[in-house]
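The values are calculated or read from the model by the stated rules, or taken from the named source; none is laboratory data. Quick caveat: nothing in here was measured; it's all calculated off a predicted structure. Ideal geometry is used to build each Cβ from the backbone, glycine not excepted, and the neighbour counts take in all protein chains shown. When the accessible area is computed, the model is the full protein with side chains, heavy atoms only, and any ligands, DNA or RNA have been set aside. Shrake-Rupley method; radii C 1.70, N 1.55, O 1.52, S 1.80 Å.
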Number of protein chains: 2
Amino acid sequence: MEIDALRTAHPEHWAKASAIRALTLDAVRAANSGHSGMPMGMADVATVLFEKHMKFDAATPDWADRDRFILSAGHGSMLVYALLHLTGDVQFPIEEIRNFRQWGARTAGHPENFLADAIETTTGPLGQGIANSVGFAMAEEMLRAQFGKKVVDHHTYVIAGDGCLMEGVSQEAITLAGRHQLSKLVVFWDNNGITIDGNVELSDNTDQVMRFKSAGWHVQEIDGHDPEAIDAAITAAKRAGKPSMIACKTHIALGHAAQDTSKGHGALTDADQLAAAKAAYGWKFGPFEIPADVKSAWEAIGSRGAADRAEWLDRFGELSERKQAEFTRRMAGEVPNKLASTVRALKKQLSEVQPKVATRKASEMALEVINPHLPETIGGSADLTGSNNTRTHDLGIFDIDNRKGRFVHWGIREHGMASAMNGMALHGGIKPYSGTFMCFTDYARPAMRLSALMKVAPVYVMTHDSIGLGEDGPTHQPVEHLAMLRATPNMFVFRPADAVETAESWELALSQTSTPSVLSLTRQNLPTVRTEHKTRNLSAQGAYVLADATTKRQAILLATGSEVEIALAARALLEKDGIGTRVVSMPCFELFEAQDATYRRKVLPAGAVRVAIEAGIRQGWDQWLLGERGRDTKAGFIGMTGFGASAPAETLYEKFGITAEAVVEKVKSLL
Amino acid sequence: MEIDALRTAHPEHWAKASAIRALTLDAVRAANSGHSGMPMGMADVATVLFEKHMKFDAATPDWADRDRFILSAGHGSMLVYALLHLTGDVQFPIEEIRNFRQWGARTAGHPENFLADAIETTTGPLGQGIANSVGFAMAEEMLRAQFGKKVVDHHTYVIAGDGCLMEGVSQEAITLAGRHQLSKLVVFWDNNGITIDGNVELSDNTDQVMRFKSAGWHVQEIDGHDPEAIDAAITAAKRAGKPSMIACKTHIALGHAAQDTSKGHGALTDADQLAAAKAAYGWKFGPFEIPADVKSAWEAIGSRGAADRAEWLDRFGELSERKQAEFTRRMAGEVPNKLASTVRALKKQLSEVQPKVATRKASEMALEVINPHLPETIGGSADLTGSNNTRTHDLGIFDIDNRKGRFVHWGIREHGMASAMNGMALHGGIKPYSGTFMCFTDYARPAMRLSALMKVAPVYVMTHDSIGLGEDGPTHQPVEHLAMLRATPNMFVFRPADAVETAESWELALSQTSTPSVLSLTRQNLPTVRTEHKTRNLSAQGAYVLADATTKRQAILLATGSEVEIALAARALLEKDGIGTRVVSMPCFELFEAQDATYRRKVLPAGAVRVAIEAGIRQGWDQWLLGERGRDTKAGFIGMTGFGASAPAETLYEKFGITAEAVVEKVKSLL
């Protein structure tokens, strides 16, 4: 690589790009950990992008109409941190760079959206950034259609590596972007030919250009170190009228002894090699030292957008006051007051009519009344629209010629769907909810974990939530999934027992701003168990007494979802036998856990045997069954111990012993 | 669609294909559930494949050198069941077809490999079959290289639908197959243009032909109802020298009123429409009735392979006795006796040398001595070879010109890797193990669940198993993953505390034939805690007393993996304060659960406070902490309650309070 030629051809560009490389080398050496090669390889692309194209104002990193920059190859986090420091983001003083990867620093090992305003998303698990970006770009299209391009008109730029493109989720993302012609999405492929194990060819020889074309993308191939070529390619990409991929041929760890090797991917900490690299760049400055002229050139880039933003503010001020308030409300993620009153009215009606419907159907009933009042909701389904019941009458279909459409046909892409939902939620202004079968949370899992970690609040509508789905059999029957979801920190898992609890769960899920929710819904019909209307949202406490013992309390039955019906039937049998029995419905463990000890003890007092009933495995129940201090009570569990089977639902409940009679027998054996 | 033209052009073919369609219609109607359209659309392809190409002997469905037929579009299960019934597989008499989707039937909603010999894999979760098939085809290449093409020489045929191709895992599978030029893999794409939500174009407009070409595949496009075109395409595919995709333009639910509609995807049960479809086929027979001439034509196809198999037996008999025994042993999945003695010798050495190594390194040490004795092991890594330590010196790299290579560079494809491992295990003769970071079990999850459900025994080597990985931060730090894996039925989760337990875990994992294992291994170094050599595999009991109280037992510390060291340090402090403390190492919950109550009580007697220590969440621990009947003891847990953070490992243990001091404090607070 002729570093000298690069230096002399574009000296000002070179100095700016060298600052990124130098900071990367210094920070990784200080941390003795991290990934040097990727920021060094992509410094030229990033420099041109930020200098010539990115619409942003470093002083206001949360400006709603900024371009979004997503580092899908999140291990190269120093690229983002260097850019933010150099452009003058006050959250990234040089101390943050010095503290790279240390406790309490904003400069975490991988970019974490919740540590700084300018970090758009959390990346590191490969492929997620590029898949998030589809949601970002969709959100931009939707908001532009709703609020006009005077206030919403920005691009989403992504840097993706070979790892991102090998992950299957990238295919789901690429084909979604192609299908919807997301023309404001520009992906830079860091085509450095290197992965951790060695040359890419060791494991892959995909023709990426052909692959992106097969998905309907505009594609260019450039030298990723040539600033003029980079600039021209970005200009062309923005005009392409389609999502655009720019294949940037780069050298990983450019100018370092480890250039073009897999060693260059990791932490380059050797002092002599570091010095040699800096010398090759013509970089004569000490560790973490940026000369004033270079810093001020970068800061000029950081403040370039201030004027754009001022103009934007003027345009924003031209909107009607109502529209301004609506935009502000939506970007803040606040739900309208109307949500609560709408749900209350629905609950009242449901308690009176007492429908016997599947909770997936009850979910649709709730959405039918909620969606008209929450224009920020975007629904969808991974090709199970008629099963997940996530499409309501007023949504319209999001499509190339209908960007106001609020329902997305995600196709058979659970993972891409969840990751795009994260992107929408991160973008702001949108509350995404979408569905698939509960068992296929498995497919969406990497993105669902990131929802929780990133503190965003999409709603996952997971229907067909147990053996109750019947004949489709064990591949489709969740058994361990409730436990898995409950195991995930910062995630609300709602398993409503009837239409009333379903409405309450929706209210709670949509009211969250930093916790994702999963709605676990049945395929099969369930009776209304909340036959007495309560204004208060009882599900908000996570668990409550649904039916109490009429004589001395000897047993407490705990249940969720479809098994609440069984608990009530068991209670009737037990009470007939003189055994006072309380039924506790537990729609959300996490919310119950968040209550104070007094309330929890009131719902689950000591001195009665406890039996939990859930058509899943026991794991996770012991905290409620065995008592919070482990000596409260005798307890039992009626549920699954292994995988399900293919047969009609009633047969399965019978064969797996999840029946009122089994509950009665269990209670009696414990008394 | 001119059904009449098809009928008259190839009447004998038509009668055979009609039998599939008629059985499908009858079975779905009887079950009032299922998917009619796919078998009806692909009946012609399946008929030609089975009649002209498939090497199989219906009387011996477990013949080792049979061609493998994989229905990736598993919802079309009636296609498989019809084929097996028609060709005379004794496990599929007409009663099985009549009992489609009923309790106890082999004809489950989706094909389940463990219900019948001829069902190669369990499909239904889309994309899995095509991803499994890569493992099948790799296994065939490997075994052919090892045993010669006289005994191993067969094809893998796959039927995949649009759903399979939209799932991201299919991209991982396709690019792997292309990279390795798996020339005996033939995929039929059921290009019917329909998904559940409607036309494919609603959600996807990928040019699949270009996409497969970009991955290095041979591609053809045919009319999927033209038997001559199908035959010619299969012939060409077999000669292509690359994996081959045949795009079959078909009509879903051919000949039915629901043809070419999304309604046709599901259960077609209307009696009049069913009668009309049969009439259009010229099928004059009652429900489940197959005329003798059609049945005997099909049975001739089923017995055609008997001669092939006889010749194969002759060739097999020409192998040396040693080689025959080896092949038979490997296809039976039995491990050589040498495994136990090798592990014993290693354990003895480790107890003496007492290395302080990460368990990922200890895992490599175990594999180094095991692999030479188990030629059936195939190792690999999802581009983390140097981190997962799964490659040993003698393996060689599996590649186009080295099919004897036993290490696979999977690339950044955790999901495709796991699914291919399932395929290898299902094929037989191979024991696959491969690694990634524990956190990325999330990506592999859909396939890992299927390992458990399918009762196959790959070994997942999951390194970097806690906050102990340090600076990479919360995106890479498992917190809930041990709980999630333990929640999965039929899965062994090993978390060894040192090099000795790691060796024991490997012995146990490799000895399984119907349970997958996960090895949860550290990045960070751990001391040897098993300093006294025991011949017996103590990990086989799941948990055991590692160090007992020297005075009256007041506390029991339970720990796994890297936290056993902390438990031992806490014990030392407690004993110094006169608090008799036992340490129980629990490398495998599932195996401990399988012990009798006497043993479990011996390890965890009542009457002492219990504190568990694990750098993950508490879920799953309560069964051991609170006592199996919930009234044994006071208990506490030292571990994580939320996500991790980016910082050096020691800092994280300190900040999150997972220290010996915290354990001591917890014990004292409980006493």
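Tell me the angle of helix A:660-670 to the major Cα principal axis of chain A, expressed in degrees between 0 and 90 and rounded to the nearest ten.
Helix A:660-670 sits at roughly 80 degrees to that axis.
Which of B:Ile222, B:Ile378, A:Ile20 sits closest to the plus end of the dipole of the protein assembly as shown, meaning its Cα is farthest towards the positive end, when Lys and Arg get +1 and Asp and Glu get -1 on the C-beta?
After comparing all options, I get B:Ile378.
Would you pull out the residues with amide H under 5 Å of B:Ser381's amide H, same chain only if 5 or more places away, H placed 1.01 Å from N?
Under 5 Å from the amide H of B:Ser381 lie the amide H atoms of B:Val408, B:Trp410, B:Gly435, each far enough along the sequence or on another chain.
Residues of A:464-471, mean number of Cβ from any other protein chain within 10 Å of their own Cβ, rounded to a whole number? Write out the running numbers ahead of the final one.
Details: counts 0, 0, 0, 0, 0, 1, 3, 12.
Average per residue, whole number: 2.
Which aspartates and glutamates, if any, have their Cα less than 16 Å from the Cα of A:Lys455, not counting same-chain residues under 8 positions apart?
A:Glu112, A:Asp117, A:Glu120, A:Glu334, A:Glu590
Over chain B, what relative contact order in percent results from Cα pairs under 8 Å that are six or more residues apart? Walk me through the numbers on the way to the answer.
Details: 1488 pairs, mean separation 79.4, N = 671.
For chain B, the relative contact order is 12 percent.
So what's the Cα pair-distance distribution over chain B, bin width 20 Å, in %?
Bin by bin from 0 Å, the calculated values are 19, 45, 28, 9, 0.
Could you rank the peptides B:473-479, A:239-245 by their average count of other C-beta atoms within 10 Å per residue, with the highest value first? Walk me through the intermediate numbers first.
Values: B:473-479: 26.9, A:239-245: 20.1.
Per-residue Cβ counts within 10 Å, averaged per peptide and sorted highest first, yield B:473-479, A:239-245.
Ordered by residue, what ³J(HN,Hα) values in Hz, to whole numbers, does the stretch A:581-593 give under the Karplus form 6.51 cos²θ - 1.76 cosθ + 1.60, where θ = phi - 60° and Gly and Pro are x?
With the stated coefficients, the stretch A:581-593 comes to 9, 9, 10, 10, 8, 10, x, 8, 3, 5, 6, 5, 4 Hz.
Calculate, axis by axis, the spread of Cα positions in the stretch A:38-111 along the three principal axes, and write the results as whole Å, longest axis first.
33, 27, 18
Which stretch or stretches of the stretch B:250-289 have amide N atoms under 20 Å from the point lying 7 Å from B:Asp223's Cα along the Cα→Cβ direction?
Once the point is set 7 Å along Cα→Cβ of B:Asp223, B:250-256, B:259-261, B:280-282 turn out to lie under 20 Å by backbone N, inside the stretch B:250-289.
Show me, for the stretch B:179-188, the HN-Hα J-couplings you get by feeding each phi into the Karplus relation (A = 6.51, B = -1.76, C = 1.60, θ = phi - 60°), rounded to Hz, glycine and proline as x.
Here the 3J(HN,Hα) series is 4, 9, 6, 7, 6, 9, 9, 10, 10, 9 Hz.
Note down the magnitude of the dipole of the stretch B:192-302 about its Cα centre, charges +1 on Lys and Arg C-beta and -1 on Asp and Glu C-beta and zero elsewhere, to the nearest 20 debye. Show your work: numbers first, answer last.
Working: 10 positive and 15 negative charges, 84 e Å.
Using only the charged Cβ atoms, the result is roughly 400 debye.
Given a cut-off of under 8 Å on Cα pairs at least six residues apart, what relative contact order in percent is computed for the stretch A:282-436? List each step's numbers first, then the result.
Details: 152 pairs, mean separation 33.9, N = 155.
Here the relative contact order equals 22 percent.
Looking at A:His265, B:Ala499, B:Gly124, which one has the Cα that reaches farthest to the positive end of the dipole of the protein assembly as shown (charges on Cβ: Lys, Arg +1; Asp, Glu -1)?
Most positive-ward Cα: B:Ala499.
Using a 1.4 angstrom probe, figure out how much accessible area the protein assembly as shown has per residue, in square angstrom, rounded to the nearest whole. Could the numbers behind the result be given before it?
On the way: 40630 Å² over 1342 residues.
On a per-residue basis, the protein assembly as shown sits at 30 Å².
For the stretch A:337-520, what mean projected area does the convex hull of the alpha carbons give, in nm²?
Details: hull surface 39.2 nm².
So the mean shadow area of the Cα hull is 9.8 nm².
In the neighborhood of B:Asp223, defined by Cβ-to-Cβ distances under 10 Å, what is the net charge if each Lys or Arg adds +1 and each Asp or Glu adds -1?
On the way: positive: B:Lys249; negative: B:Asp44, B:Glu221, B:Asp226, B:Glu228.
Computed value for this residue: -3.
Going by amide H atoms built from the backbone, whose H comes under 5 Å of the H on B:Ile556, apart from near neighbours?
B:Arg582, B:Val609, B:Arg610, B:Val611
May I ask for the distance between the Cα centers of the stretch A:283-301 and the stretch A:96-147, given as a whole number of Å?
25
How big is Rg to Rh over the protein assembly as shown, alpha-carbon atoms, Rh as the Kirkwood inverse-mean-distance radius? Walk me through the numbers before you get to the answer.
Numbers: Rg = 30.7 Å, Rh = 32.1 Å.
Expressed as Rg/Rh, it is 0.96.
Which number do you get for Rg(Cα) / (2.2 N^0.38 Å) in the stretch B:373-425?
Working: Rg = 10.7 Å, N = 53, 2.2 N^0.38 = 9.9 Å.
Against the empirical 2.2 N^0.38 Å value, I get 1.08 for the stretch B:373-425.
How big is the charge dipole of chain A about its Cα centre, in debye rounded to the nearest 20, if each Lys and Arg gets +1 on its Cβ and each Asp and Glu gets -1 on its Cβ? Please list the in-between numbers first.
Values: 71 positive and 80 negative charges, 441 e Å.
Magnitude of the dipole: close to 2120 debye.
Please list, by residue number, every one of the trypsin sites (Lys or Arg not before Pro) in the stretch A:282-317 that is coil in DSSP and has at most 13 other beta-carbon atoms within 10 Å. Please report the intermediate quantities before stating the final value.
Numbers: sites: A:Lys284, A:Lys295, A:Arg304, A:Arg309, A:Arg315; in loops: A:Lys284.
Qualifying residues, ordered by number: A:Lys284.
When the solvent-accessible surface of protein heavy atoms is calculated with a 1.4 angstrom probe, in what order do A:Leu450, B:Leu319 fall, highest first?
On the way: A:Leu450 5, B:Leu319 35 Å².
Output order, biggest surface exposure first: B:Leu319, A:Leu450.
Looking at the square roots a ≥ b ≥ c of the eigenvalues of the Cα gyration tensor of the stretch A:441-595, which shape do they give, rounded for a/c under 1.5, prolate if a/b is larger than b/c, or oblate? Don't skip to the end; give the middle numbers.
Working: a/c = 2.14, a/b = 1.52, b/c = 1.41.
Verdict is prolate for the stretch A:441-595.
Please work out the C-alpha center-to-center distance from the stretch A:338-369 to the stretch B:550-604 and express it in whole Å.
51
For the stretch A:518-531, in order, what is each residue's ³J(HN,Hα) by Karplus, 6.51 cos²θ - 1.76 cosθ + 1.60 with θ = phi - 60°, in whole Hz (x at glycine and Pro)?
10, 9, 9, 10, 8, 7, 8, 5, 9, x, 6, 9, 9, 8
Counting Lys and Arg as +1 and Asp and Glu as -1, each charge on the Cβ, what is the dipole of the protein assembly as shown about the Cα centre in debye, to the nearest 20? Show your work: numbers first, answer last.
Details: 142 positive and 160 negative charges, 682 e Å.
Roughly 3280 debye for the protein assembly as shown.
List the residues whose amide H sits under 5 Å from the amide H of A:Thr195, counting only those 5 or more places along or on another chain, with H placed 1.01 Å from N in the peptide plane.
When sequence neighbours closer than 5 places are left aside, the close amide H contacts are A:Val200.
What is the pair-distance distribution P(r) of the stretch A:542-669, computed from all Cα-Cα distances in 10 Å bins starting at 0, with each bin given as a whole percent?
Distribution as computed: 13, 47, 31, 7, 0 percent.
With unit charges on the beta carbon (Lys/Arg positive, Asp/Glu negative), name the residue among B:Leu86, B:Phe56, B:Asn192 whose Cα is farthest towards the positive pole of the charge dipole of the stretch B:17-310.
About the Cα centre, the residue reaching furthest to the positive side is B:Phe56.
With the Cα gyration tensor of the stretch B:194-329 giving a ≥ b ≥ c as the square roots of its eigenvalues, does the rule (a/c under 1.5 for rounded; else a/b larger than b/c for prolate; else oblate) give rounded, prolate or oblate?
Numbers: a/c = 2.57, a/b = 1.35, b/c = 1.90.
Here the stretch B:194-329 falls in the oblate category.
Within the set B:Lys55/B:Lys184; A:Lys249/A:Lys278; A:Lys52/A:Lys238; B:Lys184/B:Lys238; B:Lys356/B:Lys655; B:Lys149/B:Lys431, which residue pairs have Cα atoms separated by over 18 Å?
Values: B:Lys55/B:Lys184 13 Å; A:Lys249/A:Lys278 22 Å; A:Lys52/A:Lys238 13 Å; B:Lys184/B:Lys238 7 Å; B:Lys356/B:Lys655 24 Å; B:Lys149/B:Lys431 20 Å.
From the list (B:Lys55/B:Lys184; A:Lys249/A:Lys278; A:Lys52/A:Lys238; B:Lys184/B:Lys238; B:Lys356/B:Lys655; B:Lys149/B:Lys431), the Cα-Cα distance tops 18 Å for A:Lys249/A:Lys278; B:Lys356/B:Lys655; B:Lys149/B:Lys431.
At the nearest 100 Å², what buried accessible area, both sides summed, do you get for A and B when the probe is 1.4 Å? Mind dumping the intermediate values first?
Details: alone 24420 and 24410 Å², together 40630 Å².
Using a 1.4 Å probe on protein heavy atoms, the buried area is about 8200 Å².
On a 1.4 Å probe surface of the protein chains, which of A:Val611, A:Val369 comes out largest in accessible area, and what is the full order?
Details: A:Val611 0, A:Val369 50 Å².
Largest accessible area first, the list is A:Val369, A:Val611.
More than 34 Å apart: what percent of Cα pairs in the stretch A:17-310 qualify?
For the stretch A:17-310, the fraction of Cα-Cα distances above 34 Å is 14 percent.
Could you give the semi-axes, largest first, of the ellipsoid that matches the stretch B:97-196, computed as the square roots of 5 times the alpha carbon gyration tensor eigenvalues and rounded to whole Å?
26, 20, 10
Please determine, in degrees from 0 to 90 and to the nearest 10, the orientation of helix A:11-31 with respect to the longest principal axis defined by the Cα atoms of chain A, where the helix direction is its Cα long axis.
50
222 nm [θ] for chain B, helices only, -39500 (n - 2.57) per DSSP H run of 4+, per residue, to 500? Each step should come with its number before you reach the end.
On the way: 26 runs with 289 residues, N = 671.
Taken over chain B, the calculation gives -13000 deg cm²/dmol.
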